[in-house]
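Enquirer: Handing you this structure, nothing more for now.
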Amino acid sequence: MSGVIQRYRKYLDLPDLEPVSLGEGSTPLIPWSQWHNTRVWLKLEGMNPTGSFKDRGMTVAVSIARHEGAKAVICASTGNTAASAAAYAGRAGLSALVVVPQGQVTREKMLQASAYGATLLAVEGNFDAALALVRRTADENPAIALVNSVNPWRLRGQETGAYEVVDSLGHAPAALVIPVGNAGNISAYFQGFRRYGRGIPQMMGIQAEGASPLVKGEFFEHPQTVASAIRIGKPASAHLAREAVAESRGRFFAVSDALILAAQKELARGGVYVEPASATAYAGLKQLFEMGAIPAGDVVAVLTGSGLKDGTTPLQWVDAEPVVTTADTILSTINQLLSKKEQDAHVAH
Ligand SMILES: *Cc1c(COP(=O)(O)O)cnc(C)c1O
């Protein structure tokens, strides 16, 4: 089926509207590994049309905005909301205005939003300052729809991620591990599991240490992490996220940038290339498992965005420069690789 509105309309309580869709959702849930009695699954949200889960909420928010007569959408963004808003606005024939924290958003995301036709503005300050600014602008202009995750329709659309996990497994997982920035997505998943009525997993919200207000219990004035998509010091949906974690007997947890990069590399070496914010969930899952804090049964890590969204950070662990070659070096390189594989297999036995 094409698009989350078409697939799950009866759960979304929408007015009679024509969906603005790019065929989002229905992303793969792949088996990753088995750790004792825990089966780890990865939900590949980077396979949405603009490369992140934001599309699930954006299809609903932009459909509503157009239905209600808005002429433009506006958002603050660490990048992925910008790209998604720009794409769906373009599809709907609306203008998109995007406000980013200066110097804090990857080139790839700004390029993507601009390519879709958005107007980009930067503020000196962090994401939280940008969000305060666009909230004021939208409040004062009824023709401009705010499409950040404080828009309740965004969260309704993002609930469909939870529906899909249940539909794929046939039941709710024992735990769901998810990165937390502005805290909309963890809240949406929790609401989604509740509404779907097939069980609620322990909600495990993972933050980067340098931007971990929900772990520390206080806002961060200057959030810092390699994971730019979750570099947020004052999560707008903190209250909903706390409720999700408390009611599901889950927890918040923080991981270092070093562990985030190691997790990104490990996933990539298994064929799953995600951006650092998404690797944060996997890094947290591994730490929590070692602490004995992950239940037996099916456990899902939500990998929120594609690795193609950030072409700079991985250079901290990989060298992407090809070596200039001739026919001879190709053959000797292959032989080296094969004998290394043989040695590794020998060591493993
Ligand atoms: C937006 C985003 C997050 C964080 O989601 P919140 O709803 O802000 O908590 C995590 N990862 C990626 C890739 C994102 O784009």
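The values are calculated or read from the model by the stated rules, or taken from the named source; none is laboratory data. Owing to the predicted nature of the structure, the values given are computational and were not obtained by experimental measurement. Every residue, glycine among them, receives a Cβ derived from its backbone with ideal geometry; neighbour counts consider all protein chains shown. Heavy atoms of the whole protein, side chains included, go into the accessibility calculation; ligands, DNA and RNA do not. Shrake-Rupley method; radii C 1.70, N 1.55, O 1.52, S 1.80 Å.
Enquirer: Of all residues being assigned to a strand (DSSP E or B) and crowded, with 24+ Cβ neighbours inside 10 Å in segment 272-305, which is nearest to the ligand (Cβ to nearest atom)? Just the residue, please.
Expert: So in segment 272-305, the residues assigned to a strand (DSSP E or B) come out as 274, 297-303, 305.
With the extra rule that they be crowded, with 24+ Cβ neighbours inside 10 Å, the set shrinks to 274, 299-303, 305.
Details: 274: 8, 299: 18, 300: 15, 301: 12, 302: 8, 303: 8, 305: 3 Å.
Ranking the candidates gives 305 first.
Enquirer: So, restricting to strands (runs of 3 or more DSSP E) that lie completely within segment 106-195, which ones have at least 1 residues that are within 13 Å of the ligand (Cβ to nearest atom) and on the phi < 0 side of the Ramachandran plot? Explain how you work it out, then say what you get.
Expert: Details: elements: 119-123, 144-146, 175-179.
The strands (runs of 3 or more DSSP E) meeting that bar are 175-179.
Enquirer: Further question: Given (1) open to solvent by 30 Å² or more (accessible area, probe 1.4 Å); (2) part of a helix (DSSP H, G or I); (3) within 12 Å of the ligand (Cβ to nearest atom), identify the lone condition not met by residue 252.
Expert: Here residue 252 clears every test but (2).
Enquirer: Would you mind finding the one in 5, 30 that is open to solvent by less than 30 Å² (accessible area, probe 1.4 Å) and either assigned by TED's automatic domain parsing to the domain that holds residue 277 or over 30 Å from residue 226 (Cα atoms) (or both)? Write out each step before concluding.
Expert: Numbers: 30 fails: open to solvent by less than 30 Å² (accessible area, probe 1.4 Å).
So the residue among 5, 30 that is open to solvent by less than 30 Å² (accessible area, probe 1.4 Å) and either assigned by TED's automatic domain parsing to the domain that holds residue 277 or over 30 Å from residue 226 (Cα atoms) (or both) is 5.
Enquirer: Can you find, within segment 55-76, the residue that is surrounded by the most Cβ atoms within 10 Å (Cβ to Cβ) among those that are within 15 Å of the ligand (Cβ to nearest atom) and in contact (Cβ under 8 Å) with a residue 60 or more places away in the chain? Show your work before the answer.
Expert: In the first step, residues of segment 55-76 are kept if they are within 15 Å of the ligand (Cβ to nearest atom); the result is 55-58, 60-61, 75-76.
Pick out the ones that are also in contact (Cβ under 8 Å) with a residue 60 or more places away in the chain and you get 56-58, 60-61, 75-76.
On the way: 56: 30, 57: 32, 58: 37, 60: 32, 61: 29, 75: 32, 76: 28.
The selected residue is 58.
Enquirer: So, in segment 8-25, of the ones that are over 21 Å from residue 94 (Cα atoms) and touching a helix residue (DSSP H, G or I) at 6+ places or on another chain (Cβ under 7 Å), which residue ends up surrounded by the fewest Cβ atoms within 10 Å (Cβ to Cβ)?
Expert: 11
Enquirer: Would you confirm, using the coordinates I've provided, whether residue 275 is in contact with a helix residue (DSSP H, G or I) (Cβ under 7 Å, 6 or more places away or on another chain) and acidic (Asp, Glu)?
Expert: Numbers: in contact with a helix residue (DSSP H, G or I) (Cβ under 7 Å, 6 or more places away or on another chain): yes; acidic (Asp, Glu): yes.
In short, yes.
Enquirer: If the requirement is being part of a helix (DSSP H, G or I) and under 28 Å from the mean Cα position of the chain (by Cα), which of these qualifies: 337, 308?
Expert: On the way: 337 fails: under 28 Å from the mean Cα position of the chain (by Cα).
It is 308.
Enquirer: Moving to a separate point now. Given the conditions (1) open to solvent by 40 Å² or more (accessible area, probe 1.4 Å); (2) of a type outside the set (S, T, N, Q); (3) within 17 Å of the chain's Cα centre (by Cα), and given that residue 127 satisfies all but one, which numbered condition is not satisfied?
Expert: (1)
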